[in-house]
Amino acid sequence: MDTTKFLDLFPFIRSSVELFDDQNRFLKKVILTGKISALDKAANLFSFTEKTIETFSGLKEELIPLLIRENLKKYTEELNSKAQISIDILIRNLFERIADVGFLATDNIIIDFLKGQESAERLRQRLIEYTMKYSVYNEIIIADAEGNIRLNINESNHLTSASDPIIQNALQTDGYIECFSKTDLFPSQPKTLLFAQKIMDNNRAIGVLILCFRFDDEMDRIFASLLDPSEHIVLTDGKEVIISSSTESAKITRELKQLYTSEEIAYRNGYLLVSAKTKGYEGYYGSPWKSVAYINAKKCSKKAPLKDPISAKCTLDDNIKSIIRKSDDVIEDLSDVIINGELIASKERVYVLTPVLDNLRTVSSSILNTIKETVSNLENIIMEGLIYDVQASSKLAIDIMDRNLYERANDCRWWAITPIFEEELTKEIPDIKKITDVLHYINTLYTVYTNIFIYDQNATIIAASNDPAILGKKVLGDYVTKTLNNHESQHYFVSNFDNTPFYDDRSTYIYSASICKNNKTWGGIGIVFDAYPQFQAMLNDSFPISKNGFSIFVDRKGTIISTTHPHLRPTERIDLDDEILRYNDQKASHRFTTYDGKKYLVGIALSKGYREYKLQDNYKNDLLSLTFIEY
């Protein structure tokens, strides 16, 4: 790899190159002067010094390209990480929307409205309530089988008719349709991301449900959580069209646009660019979009030395360690030359060597400082890369968790206002089969739950999607008491992370919401999150590639929620420094620690919530994501 073309990225490396060259010239000049002055008295000494010069020149040819490669590696890996995360986080979000549109299209109130058996106002209020819970949508549209717009809920979107082909396409398609384009369904927006599905009644298509995703709002959240001020991300359609950008002031030239469709890593016109396509999630890949993260070369500057209490040498590979040993040899050889020269000058009384040795001492000191600084830069940049890895890993894991559990809080509240549940629980003898059929249907669509159950005013389970053995059992816990005393449809309650008979005596969270009618609470719905595989996947998916270590979710007491460590289990306590468990910063950080006799660099990130979840809903549950990498 020709590294010289990347020198402009790193002015401090160019300065090192110039210093190496200046010192090499000065060293040669000093040696030449010494050979002329001392003649044969120190011939062997200066012959040895010439070999040291060759070693020094060779060292520069190895050390400088290595320094460029490691700096380039750090920046490209960080940019690649951010490009990859931005597209994958988005895809994970959009995957949830597929289940939303599929399930909502079967809503009885929507079906009854299209059949003329339900009022527009009741449906409008119900759909508004839906967006109060699933706040990722800013518009919901209902069209009939002839393509006529029958209802929409966004008051600023004055919609009476539309010709967007997505309606007819949905009517002719089994399953959902996803489309991102300019549309007359939402004409005030430059482009809208739509999810559409036909509405069926007795095997006949009677209309289309269209959900409008808050695309710009979501991208702004993703960009804000990922980027430093000097970094930028653009999301493209996989070709040259930019569909979202982290900054409106980003200057996108024709040359940069061309790069979006070609190389994965490129440096051109003063920009370092790295692109990524989604890895997909649960088989879903969405549209063929590409995320491109880039930075202006002027921003790739040398940072202040790290002050962490370990030497970065322990993280270096054998090739780098070999080069560093060579640099140590050069310094040692020059020191030997000076000592031997002083002995020769004294013994042979060759006093003309004294100024030569003084100059040699000066240039040796200068070379020593240059090599030390260059090696320090090398060690520093490698350690910065490791620190970024653990911080980014811990932050990604907790972000995925927050976003995932946001959906769980939405699901339980929405399903709690299912008309069948409300109606049946008010009856003296509920139709258990009717309730069970609905629960089973929901669970087939939402597979992150092992069970979904309904309990009555006495906290007794009367229906379940799976495991009929739990019928008649009591649901215990403070979250159940709160659910049965609640009358607000926006509230939800969560169990502690404890072993429960509803999850095979393993630990999980159960999300609960009140089933109310006529201002009275008749029972609640409990959704059992499949915590073990879901949390494991989050930790595994976010762990740095080719690193040794483990990840963990813990609470403030050190209680394990999930971990990839082979000998630790959920609900066990892990012995960690109080400084780690008390960490309260909104930004990810790192610490150095020892666990089980091994030294680790630990990335730390605190759960910050997502949208309303943990931020506006009064749910408090401080969790930490920790990534441990051995050093």
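Can you sort D411, D21 by 1.4 Å-probe accessible area, starting with the largest? Don't skip to the answer; put the middle values down first.
Numbers: D411 0, D21 50 Å².
Per-residue accessible area, sorted high to low, gives D21, D411.
Taking a probe of 1.4 angstrom, what is the accessible area of R69 in Å², to the nearest 10?
Probe radius 1.4 Å; accessible area of R69 about 90 Å².
From the backbone phi of segment 332-340, what are the Karplus-calculated ³J(HN,Hα) couplings (6.51 cos²θ - 1.76 cosθ + 1.60, θ = phi - 60°) in whole Hz, Gly and Pro given as x?
With coefficients 6.51, -1.76 and 1.60, one gets 5, 4, 5, 5, 5, 4, 5, 5, 5 Hz.
Under a 1.4 Å probe, what is the accessible area of the chain per residue, stated in Å²? Let's see the in-between values first.
Numbers: 28820 Å² over 631 residues.
For the chain, the per-residue accessible area is 46 Å².
Could you put Y441, Y583, Y532 in order of accessible surface area, largest first, with the 1.4 Å probe and the full protein assembly present? Intermediate results must be reported in sequence, preceding the final value.
Numbers: Y441 90, Y583 20, Y532 110 Å².
If we order Y441, Y583, Y532 from most to least accessible, we get Y532, Y441, Y583.
Compute the long axis of helix 11-38 from its Cα atoms, compare it with the longest principal axis of the Cα atoms of the chain, and write down the angle in degrees, 0 to 90, nearest 10.
Rounded to the nearest ten degrees, it is 10.
With all protein chains present, calculate the accessible area of K29 using a 1.4 Å probe and round the result to the nearest 10 Å².
Rounded to the nearest 10, the figure is 140 Å².
For the chain, what is the charge dipole size about the Cα centre, in debye to the nearest 20, if Lys and Arg each add +1 at the Cβ and Asp and Glu each add -1 at the Cβ? Could you put the intermediate results ahead of the total?
Values: 75 positive and 89 negative charges, 228 e Å.
Rounded to the nearest 20 debye, it is 1100 debye.
Rounded to the nearest 10 degrees, what's the angle between the helix 353-416 long axis and the longest principal axis of the chain, both from Cα atoms, 0 to 90?
Its long axis makes an angle of about 0 degrees.
Loop-only check: which trypsin sites (Lys or Arg not before Pro) in segment 130-194 are DSSP coil with at most 14 other Cβ within 10 angstrom?
Answer in residue order: K182.
Amide H of I243: which non-local residues (sequence gap of 5 or more, or other chain) have their own amide H closer than 5 Å, using H built in the peptide plane?
Distant-sequence amide H within range of I243: L235, T236, D237.
Under a 5 Å amide H to amide H cut-off, with H placed in plane at 1.01 Å, what residues pair with A162 once short-range neighbours are removed?
For A162, whose amide H was placed from the backbone, the distant partners under 5 Å are I149.
Run the 1.4 Å probe and let me know the accessible area of D437, rounded to the nearest 10 Å².
80 Å²
Where does the chain land at 222 nm, in deg cm²/dmol rounded to the nearest 500, when only DSSP H runs of n ≥ 4 count, each adding -39500 (n - 2.57), divided by all residues? Present the calculation step by step, with values, prior to reporting the outcome.
Values: 14 runs with 274 residues, N = 631.
Dividing the helical sum by the residues of the chain leaves -15000 deg cm²/dmol.
In the chain, with Lys and Arg counted as +1 and Asp and Glu as -1 at Cβ, which of these residues, L151, A99, L226, has the Cα nearest the positive end of the dipole, that is, farthest along it?
L226
Picking from Y285, A83, S465, whose Cα lies most toward the positive end of the charge dipole for the chain (charges on Cβ: Lys, Arg +1; Asp, Glu -1)?
A83
Hey, any idea what % of segment 48-98's accessible area is carbon plus sulfur with a 1.4 Å probe?
It is 52 percent, rounded to a whole number.
In whole percent, and with a 1.4 Å probe on the protein chains, what portion of the accessible area of segment 411-473 is carbon and sulfur? Display every interim value, and only then the final one.
On the way: 1450 of 2660 Å².
That fraction is 55 percent.
Ranked from highest to lowest mean number of other Cβ atoms within 10 Å per residue, what is the order of the peptides 572-579, 361-368? Walk me through the numbers on the way to the answer.
Details: 572-579: 12.8, 361-368: 17.2.
In decreasing order of mean packing, 572-579, 361-368 become 361-368, 572-579.
Short version: ³J(HN,Hα) in whole Hz for each residue of segment 201-212, in order, from phi by Karplus 6.51 cos²θ - 1.76 cosθ + 1.60 (θ = phi - 60°), x for Gly and Pro, what are they?
After applying 6.51 cos²θ - 1.76 cosθ + 1.60, I find 9, 6, 6, 10, 6, 10, x, 9, 9, 10, 9, 9 Hz.
Can you work out ³J(HN,Hα) from phi for every residue in segment 161-175, in order, using Karplus 6.51 cos²θ - 1.76 cosθ + 1.60 and θ = phi - 60°, giving whole Hz and x for Gly and Pro?
Coupling constants for segment 161-175: 8, 7, 10, 4, x, 4, 5, 5, 4, 5, 4, 9, 10, 8, x Hz.
Please name whichever of F215, S514, G341 sits farthest to the positive end of the charge dipole of the chain, dipole taken about the Cα centre and charges placed at Cβ: Lys and Arg +1, Asp and Glu -1.
Sorting the options by dipole projection puts first G341.
Counting only protein chains, not ligands or nucleic acids, how are T508, T106 ordered by accessible area (probe 1.4 Å), most first? Please list the in-between numbers first.
Working: T508 0, T106 55 Å².
Descending order: T106, T508.
The values are calculated or read from the model by the stated rules, or taken from the named source; none is laboratory data. All values reported here derive from a predicted model rather than from experimental measurement. FYI the Cβ positions are ideal-geometry reconstructions off the backbone, even for glycines, and counts take in every protein chain you see. We work out accessible area using only protein heavy atoms, side chains counted, and drop any ligands, DNA or RNA first. Shrake-Rupley method; radii C 1.70, N 1.55, O 1.52, S 1.80 Å.
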